[in-house]
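Report on the following structure.
Where a number appears in this text, it was derived from the coordinates with a stated rule and is not lab data. Given the structure is predicted, the values throughout are model-derived calculations rather than measurements. In this analysis, Cβ positions are derived from the backbone assuming ideal geometry, glycine residues included, and neighbour counts consider all displayed protein chains.
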Amino acid sequence: MANKIEINNLEELDYGRKEAFNSLRTNIQFCGDDIKVITITSCTPNEGKSTVSLEFCRKLAEDGRKTLLIDADIRKSVIVGRHGMQSDKEIKGLSHYLSGQQKLEDVIYETNVDDFDIVVAGPEVPNPTELLGNKYFDRLIEYGRDNYDYVIIDSPPLGSVIDTAVIAPKCDGCILVISSGEVSYRFVKDVKKQLEVTGIRILGAVLNKVRVNKGKYKGYYKGYYKGYYKGYYSKYEQY
């Protein structure tokens, strides 16, 4: 593969977070070998799904699993900017491919992490839901199934936009990222129902931004995710 991209700002995880991702990886592997394409979403913006997606891919790759991350948040992606991703050529992303401007092989990048490839989101587009439902996205997922052990799709928050409901039926399972203390039980139940309507298998949930009162690990993702999804909904309903 000719395309290469450097992921900078990769955080050295402390013991608590390493163990959390080890547990996540192990639990997913015990879901069965028919689970290859997994979408990761959340209820609302700023719950940490993008970093969970990237770190989960990193953990799978470090375990020797060839992994592809697809950043399907073509509304408000944060991955490239947050991690200072760089390439020796202009970076082309998912929106370029889905709109027919680039070929599939032009948007898949090898990263500086062994066995970890990525398709970044690309520029924002006015019709993301329509693009995610087209034949090109189906071909990308089919390619991922044929060439990778796992395909992880970072999807927009389902409680804010409908894109994940379009993506979900194409996947084998879903992980819901929930920010501790920031989303109501009723709202989570409503999002879960939306996922169930798509027919996708819900593999489980990741409780993120957990505060620990004692010891070294005071919050898994303290300080992350402020304001990146501003513009989806200025307000979302809380119960």
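Sorting the segments 174-185, 50-61 by their mean number of nearby beta carbons within 10 angstrom, highest to lowest, gives 50-61, 174-185. Compactness check for the chain: Cα Rg over 2.2 N^0.38 Å is 0.95. A simple rule links phi to the HN-Hα coupling: the Karplus curve 6.51 cos²θ - 1.76 cosθ + 1.60 with θ = phi - 60°, which for region 138-148 gives 4, 5, 5, 5, 4, 4, x, 4, 7, 10, 9 Hz, with x for Gly and Pro. Along region 16-21 the Karplus relation, 6.51 cos²θ - 1.76 cosθ + 1.60 evaluated at θ = phi - 60°, assigns HN-Hα couplings of x, 6, 4, 5, 4, 6 Hz to successive residues, with x for each Gly and Pro. Counting only DSSP H runs of at least 4 residues, each contributing -39500 (n - 2.57), and dividing by the residue count of the chain, the helix-based mean residue ellipticity at 222 nm comes to -9000 deg cm²/dmol. What pairs in Lys4/Lys209; Lys4/Lys103; Lys66/Lys192 have C-alpha atoms more than 23 Å from each other? Distance filter (> 23 Å) returns Lys4/Lys209; Lys66/Lys192. Multiplying the residue separation of Asn8 and Ile91 by 0.36 nm and removing their Cα-Cα distance gives an extension gain of 28.4 nm. Region 182-197 and region 1-72 have Cα centres separated by 22 Å.
Taking Thr129, Thr164, Thr44 in turn, the Gaussian network model of the chain (Cα-Cα springs below 10 Å) assigns the largest fluctuation to Thr129. Applied to region 92-103, the Karplus parametrisation 6.51 cos²θ - 1.76 cosθ + 1.60 on θ = phi - 60° returns per-residue 3J(HN,Hα) values of 9, x, 4, 5, 4, 5, 5, 8, x, 7, 9, 7 Hz, with x for Gly and Pro.
Based on every Cα atom in region 1-141, Rg and the maximum pairwise Cα distance Dmax equal 15.0, 44 Å.
According to the square roots a ≥ b ≥ c of the eigenvalues of the Cα gyration tensor, what is the shape class of region 102-170, taking rounded for a/c under 1.5, prolate for a/b larger than b/c otherwise, and oblate for the remainder?
Details: a/c = 1.63, a/b = 1.58, b/c = 1.03.
Here region 102-170 falls in the prolate category.
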